[in-house]
Structures are given as structure tokens and as C-alpha cells.
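Input: a single structure, listed below in C-alpha cells.
The values are calculated or read from the model by the stated rules, or taken from the named source; none is laboratory data. Everything numeric in this text was worked out from a predicted model, so none of it was measured. Here Cβ is always computed from backbone atoms with ideal geometry, including for glycine, and neighbour counts include all displayed protein chains. Heads up: the accessible areas ignore ligands, DNA and RNA and are worked out on the full protein's heavy atoms, side chains in. Shrake-Rupley method; radii C 1.70, N 1.55, O 1.52, S 1.80 Å.
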Amino acid sequence: MGFCVDIGTAQLVKNGEEICGDTIEVVRTAGSHIVVVADGLGSGIKAKILSGLTAKTAGTMLKMGGRIVDVIETLALTLPICKVRNLAYSTFTIIQFTPDGQGYLVEYENPPSYIGMNNTLCSVDRKERVIGNKLIRECYFTVAENSWLVIVTDGVIHAGAGRTLSMTWDQHRLGVYLAATYSPARSATEWAQEIVQLCYRIYGEKPADDASVAVINIRKPRHVTVLIGPPRNVHDDVEVVDKLIRSNGMKVVCGGTTGNIVARILGRELKIDYSSGNGGVPPAGTIGGIDLVTEGAVTLVNAMEHLRKKTSLKELRGRDGASRLASILLAADSVHFIVGTAANPVLPETEIPAIFVYKQYIIRDLIRILQEMGKNVTVEFY
């Protein structure tokens, strides 16, 4: 497809409940990206069990290579109907994107999903068919850069219903809002969170139902290359700097000695931005052509803590090197680390082995966290 499938989710819990009755399952395989949104009947733990079984069944079958048609048939044949309320015990929406840019959407009793391009809603032809005595809506469509899709449960489109004020959402108003607020600069997670926060305010901060939002943005991939530490062999300095400069996307240098090497080889000045220091995080620097220059181990540890704590992009607005590094890594789809293995010449010889091992652990943990976030991470050592 040549594009990135950026997926973000957010949820509201019904007022008075401790757990959301909806379940969102995201499945990434070598062949596709799949999102399942299930809404259990009622609320609380019972609804969570129902929606969880639905989403997990669909997600597991698809992850194991099952055909999406077989998944739908399995769910349709096994989901019971409440005899008292004549409603499905769990409704669901499934979206699948394949590498050739094709999207397949199927909906059972959930509100129709929104498909758009830039700031325009797109009309898609949904076809209906009956599987296991249940009416299913489905459609196929093609995606391109700046395409997007938003899946919601009925707790979103019913926000504010029954309140005295006319500040309510419905299917049409939500569509108008989505088309007006789409921005390619905003991540899928940020947009999903903003939709849910507005929904929360429309409910008067007391949601009358569980509400879930899944946002899928189609955009160009964001690449980052990070050079950490000088190479063991000084003759490799030019090679690693050349690799960094020729790399696609953003370029980051971590480490004071490394920054000096890059500045020397490029013939550019390394300037320290003393206003960027923050508590225990050393100040960052600037080199022409490099997006971020930071201190080494301390900054890496603090950036890793931001990622581990799932600090949002909106919260990472600080000028310090750790916040800026974390925001760059968080926004990236793929990260390539170039790691130098030379001993730090400014440290006492007795401390060099311990510091070297510590840095390797930091990089290892940072790579693991980024991979758990679904990012493509590669690394090479010099």
C-alpha cells in the first residue's frame, strides 16, 4: 500500500459503572490491519464479557489466518438474541485493510461507520445479506493518503439524548463534526481522544451509556533514525554520519561526544540550548540538518519513562530533550537505531564497563517498548 495505517482508540465508561461494556480489538498481521469494535448488551461486567468474547473470537480467528467471511459467519451463528428486548447480546463492526490499499467493512447492529477523505465524508455503497438469520451490512472501498475511517458505538451518537439542552449528537451531526475536524497533522489516537472528550461534555460529564471510538488514518509512514554513541572504530565515524544524513525522515543524535562527531564531520556548529534543561534532564542542542540533539543515557532513560507511562503526544509539549525525543519516537511508525559501541572517553576507566552495559540495557528496553507499541524497529551496531 505504501502508506501507514494509524489506529487510535478511546472509550467512556457509563456513569456508575467501573468497566466499559464495549471491547476494541486491534490485530496487525503481515497481510493486513484489522479492528474489531464490539458493544455488549447493557453495561458493566456482563456487557464486557459479551463484547469481549465477540471481539476476541474475531481477533483470534483473523490472527490465525481465518477468512473474514468465516469469522462473520461464526459470530452471526453463535451470538444469541435477548428474548425480552429482542436485541443482539453483542453487536460488532470489523474493518480490514490489506496491503494493496483495499478496505473491507462489515457491520452488525452497530451505527454505520464514517469513511472520509481529507475534510469530506465519502458515500459508500453498503450491501446487506443475511448470515445465520442476522442482517449484515458490508462494503468494499479503496483507500489513499489522507483517507480515514471512524467506528463508533451507539453510546457516541446518542450522547446528550433526553437532556433539556439541545446540545446532542446524532448520526448526521457527528459526521459533520468529523469532516470539519479531520487534520493530517493529528494522530489517530489524539483524534479519538478528542471525540470522546467532546462526547463526555455533551453527556454533562455523566455518560448514560458506554461509548467507544476507533479511528483509522491512512497516511505516509513516519521514519526516524537515531544515532546513539560514537563507533568503536574511529574510522567508522564518517560512515555512520553519512548513514544518518542520508536516512529518510527525522534525524536524532543522542550523546555529547556523538554530537561533537556529527558537527565536526558535517562542518557545522553544535549549539547548546540551555533553556531546554528541565530538572534532571540535561539541555538539548542544535546542529544544522539534525532534528534533535540530546545528551545520552539520562535523556534516553527519561524518554523511555514517558513511553512506558504512555504519556500522550499532547502532554509531551516540554522543551527538554527527553520530552522532545519521546514525542518524536511516539509519532514515528518505524525507528532505526545506529548504536556506537565505543567507550566514553570522558569517564574514568573503572566506570567504562558498567556504563557501557547500562547503555545496552537502556537501548534494549527502549526497543522492546517501541515494538510493543506496534512500531517497526531496526538496529545496527558500530
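For region 69-89, state whether one or more residues are under 25 Å from the mean Cα position of the chain (by Cα) and either surrounded by fewer than 20 Cβ atoms within 10 Å (Cβ to Cβ) or in contact (Cβ under 8 Å) with a residue 60 or more places away in the chain (or both).
no
Restricting the search to region 10-59, which residues are under 12 Å from TYR89 (Cα atoms), of a type in the set (A, V, I, L, M) and touching a residue at least 24 places away in the same chain (Cβ under 8 Å)?
The answer is ALA38, LEU41, ALA47, LEU50, LEU53.
Please enumerate the residues belonging to region 10-61 that are open to solvent by 40 Å² or more (accessible area, probe 1.4 Å) and of a type in the set (S, T, N, Q).
GLN11, ASN15, THR29, THR57, THR60
Among the listed residues GLY249, GLY279, GLY289, GLY229, identify the single one that is within 31 Å of the chain's Cα centre (by Cα), open to solvent by less than 50 Å² (accessible area, probe 1.4 Å) and over 24 Å from CYS4 (Cβ atoms).
GLY229
Listed here are the residues, each with its yes/no results for (1) of a type in the set (Gly, Ala, Ser); (2) touching a Ser or Thr at 6+ places or on another chain (Cβ under 8 Å); (3) without any contact (Cβ under 8 Å) to a residue 24 or more places away in the chain.
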| position | (1), (2), (3) |
| --- | --- |
| TYR177 | no, no, yes |
| SER183 | yes, no, yes |
| THR189 | no, yes, no |
| GLN193 | no, yes, no |
| ASN217 | no, yes, no |
| HIS223 | no, yes, no |
| GLU239 | no, no, no |
| LYS251 | no, yes, no |
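Tell me, please, whether a residue that is under 30 Å from TYR114 (Cβ atoms), out of contact with any strand residue (DSSP E or B) (no Cβ under 7 Å at 6 or more places or on another chain) and free of Cβ contacts under 8 Å to residues at least 60 places away in the same chain can be found in region 274-282.
Going residue by residue through region 274-282, those that are under 30 Å from TYR114 (Cβ atoms) are none.
No, there is no match, as no residue in region 274-282 is under 30 Å from TYR114 (Cβ atoms), out of contact with any strand residue (DSSP E or B) (no Cβ under 7 Å at 6 or more places or on another chain) and free of Cβ contacts under 8 Å to residues at least 60 places away in the same chain.
Can you name the condition, by its number, that MET167 falls short on among (1) open to solvent by 70 Å² or more (accessible area, probe 1.4 Å); (2) at pLDDT 95 or above; (3) farther than 30 Å from GLY340 by Cβ?
Result: MET167 passes all but (2).
Select, from THR74, THR91, THR54, THR23, the only residue that is in contact with a strand residue (DSSP E or B) (Cβ under 7 Å, 6 or more places away or on another chain) and in a helix (DSSP H, G or I).
THR54
Do the conditions hold for LYS271, that is, is it open to solvent by 10 Å² or more (accessible area, probe 1.4 Å) and touching an Asp or Glu at 6+ places or on another chain (Cβ under 9 Å)? Even if it seems obvious, please write down each step before you answer.
Numbers: open to solvent by 10 Å² or more (accessible area, probe 1.4 Å): yes; touching an Asp or Glu at 6+ places or on another chain (Cβ under 9 Å): no.
Spelling it out, it is not the case that LYS271 is open to solvent by 10 Å² or more (accessible area, probe 1.4 Å) and touching an Asp or Glu at 6+ places or on another chain (Cβ under 9 Å).
Take the residues of region 306-343 that are touching a Ser or Thr at 6+ places or on another chain (Cβ under 9 Å) and open to solvent by 60 Å² or more (accessible area, probe 1.4 Å): which is modelled with the highest pLDDT?
Step by step, filter region 306-343, then rank; the result is ARG324.
Filter region 356-374 for residues that are within 20 Å of VAL240 (Cβ to Cβ) and either open to solvent by 100 Å² or more (accessible area, probe 1.4 Å) or modelled with pLDDT under 85 (or both); which is farthest from the chain's Cα centre (by Cα)?
Within region 356-374, the match that is farthest from the chain's Cα centre (by Cα) is PHE356.
Looking at (1) at positive phi; (2) in contact with a helix residue (DSSP H, G or I) (Cβ under 8 Å, 6 or more places away or on another chain); (3) not hydrophobic (A, V, I, L, M, F, W, C), find the lone condition where GLY296 falls short.
Tallying (1) at positive phi; (2) in contact with a helix residue (DSSP H, G or I) (Cβ under 8 Å, 6 or more places away or on another chain); (3) not hydrophobic (A, V, I, L, M, F, W, C), GLY296 fails exactly one: (1).
Within region 170-186, restricting attention to residues that are more than 15 Å from PRO112 (Cα to Cα) and open to solvent by 70 Å² or more (accessible area, probe 1.4 Å), which residue is modelled with the lowest pLDDT?
Looking at residues that are more than 15 Å from PRO112 (Cα to Cα) and open to solvent by 70 Å² or more (accessible area, probe 1.4 Å), I get ALA185.
Filter region 107-148 for residues that are polar (S, T, N, Q) and either touching a Lys or Arg at 6+ places or on another chain (Cβ under 8 Å) or open to solvent by less than 80 Å² (accessible area, probe 1.4 Å) (or both) and give the result.
Pass one, region 107-148, residues polar (S, T, N, Q): 110, 113, 118-120, 123, 133, 142, 146-147.
Across region 107-148, the qualifying residues are ASN110, SER113, ASN118, ASN146, SER147.
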